[in-house]
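Readers should treat all values here as calculations from the given coordinates under stated rules, not as data from a laboratory. Since the model is a prediction, treat every value here as computed from it, not as a measurement. Reconstructed Cβ throughout: ideal geometry from the backbone, glycine too, with neighbour counts over all protein chains shown.
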Amino acid sequence: MPIENIPAGELELIVPNLHRRYSGVTATNRMVAPKLAKMFRAAWLGSHRPDGIDAIGFADLMRLWRRKTPLIWHARRNDEMIAGLLLRALGWPFKLLFTSAAQRHHTWLTRWLIRNQDAIIATSPLSASYLKREATVVMHGIDTDRYAPPADRAAAFAESGLPGRYAIGCFGRVRAQKGSDVFVEAMCRLLPRYRDFTAVMVGAVVPEQLAFANELKRKIEAAGLQSRIVITGELPIEDVVRWYQRLTIYAFTSRNEGFGLTLIEAMSAGAALVAARAGAAEFVVEDGATGVLTPPGDADVLAAALEPLMRDPAAAAAMGARARQRVVDKFSLDAEAAAIAKVYRTLI
């Protein structure tokens, strides 16, 4: 439904997405916004609008000027906080909410913006610890029906046409921050010993990371593993989901991360997990039960943690089943939306 069909007085929530480049922030926003739109009269402002939530244009904002009833502006980036503050100063009746995923000390500008919000959500206790004010912790969730284990994982892998019987994956943009080099180094050591495995890297290679990606490809070629370490590039979300379903093991190798949504996506699809202690990994993974935690940036430790799972795919499958249940119990999209909705109700 276009925003013109919603009476201005009934709108309760604006979800701004002011970045054209698709990112992890955009992905998490797109997943939860349609759930929230079932609970509140909501509209999406900006690019990459998902199905299930109405659109609002910048011109449509004029209809909301000097409205008497409050309206939530839920920002997830600095520029969205700035836009909300400016609009409120000019007469828009906004209640300002910011979701913080950063796990670092904020710049003076971000600290000032955060102080001027009406409420703050942090995506993990660690993110909350860097804020200089009270925040509500709401961990990310995912659609566990969409990211579900396949009926037949062996058949799903065979469909890929890749060599071997099992896949080990590392998803996300190919860059140092994501630890792509750590994954490639570990695979160059392990794959010659485990011929039934093929490694898959699903994610975009952006122009500024082209030299980094080319160096990884040279290492793969030097190891003679071009057919067994596959870099797919950016794929439609439906294809990404299918790749998760082909995995027996997932390696989360980020050096630093806001939350790390691929953690729970892979777990929900039933993959065994080896995860660097970055983002929300320590709060998501039960070390030794639903995954194995490792220090970030250490290829030696990563290889040592992956090898027992590669040696025993049945044990990996059992870990993957436990990981799936962990996400269903604790990290569903419905649970995230319900927790955010509680914060909204305190504002309006």
Quiz item: For the range 209-253, list residues with backbone N below 15 Å from a point placed 7 Å from the Cα of Glu159 toward its Cβ?
Solution: 236-248
Quiz item: Which semi-axes, in whole Å and largest first, does the equivalent ellipsoid of the range 153-330 have when worked out from the alpha carbon gyration tensor as the square roots of 5 times its eigenvalues?
Solution: 22, 18, 16
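With Rg and the Kirkwood Rh both taken from Cα atoms, where does Rg over Rh land for the range 44-96?
0.95
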Quiz item: Per residue Cα convex hull volume for the chain, in cubic angstrom?
Solution: 131
Quiz item: Amide H of Glu257: which non-local residues (sequence gap of 5 or more, or other chain) have their own amide H closer than 5 Å, using H built in the peptide plane?
Solution: Gly279
Practice problem: Measure off 7 Å from each Cα along the Cα-to-Cβ vector at Arg345 and Glu307, then give the distance between these two points in nanometres to one decimal. | Solution: 5.3
Quiz item: What ³J(HN,Hα) values, in whole Hz, does the Karplus curve 6.51 cos²θ - 1.76 cosθ + 1.60 give for the range 35-49 when θ = phi - 60°, with x put for Gly and Pro?
Solution: 5, 5, 5, 7, 9, 9, 6, 10, 9, 9, 10, x, 8, 6, 5
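State the extension gain, in nm to one decimal, for the chain segment bounded by Phe58 and Arg189, taking 0.36 nm per residue of separation less the distance between their alpha-carbons. Don't skip to the answer; put the middle values down first.
On the way: separation 131, 0.36 × 131 = 47.16 nm, distance 5.28 nm.
Gain in length upon complete extension: 41.9 nm.
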Exercise. Residues in the range 81-100, backbone N under 19 Å from the label point at Trp65 (7 Å along the Cα-to-beta-carbon vector): list them, ranges by number please.
Key: 83-95
Exercise. With a Förster radius of 41 Å, plug the Cβ-Cβ distance of Asp152 and Arg104 into 1/(1 + (r/R0)^6) and report the FRET value to the nearest 0.05.
Key: 0.45
Practice problem: Would you mind getting me the FRET efficiency between Ala315 and Asp239? Use the beta-carbon distance for r and R0 = 30 Å, nearest 0.05. | Solution: 0.60
Self-check item: Point-charge dipole on Cβ atoms (K/R +1, D/E -1) for the range 244-332, about Cα centre, debye to 20
Solution: 260
Quiz item: For Ser100, which sequence-distant residues (separation of 5 or more, or a different chain) have an amide H within less than 5 Å of its own amide H, given hydrogens modelled in the peptide plane?
Solution: Ile121, Ala122, Thr123
Practice problem: Name the long-range amide H neighbours of Trp44: under 5 Å, sequence gap of 5 or more, or other chain; modelled H, no Pro or chain starts. | Solution: Val15, Asp54, Ala55, Ile56
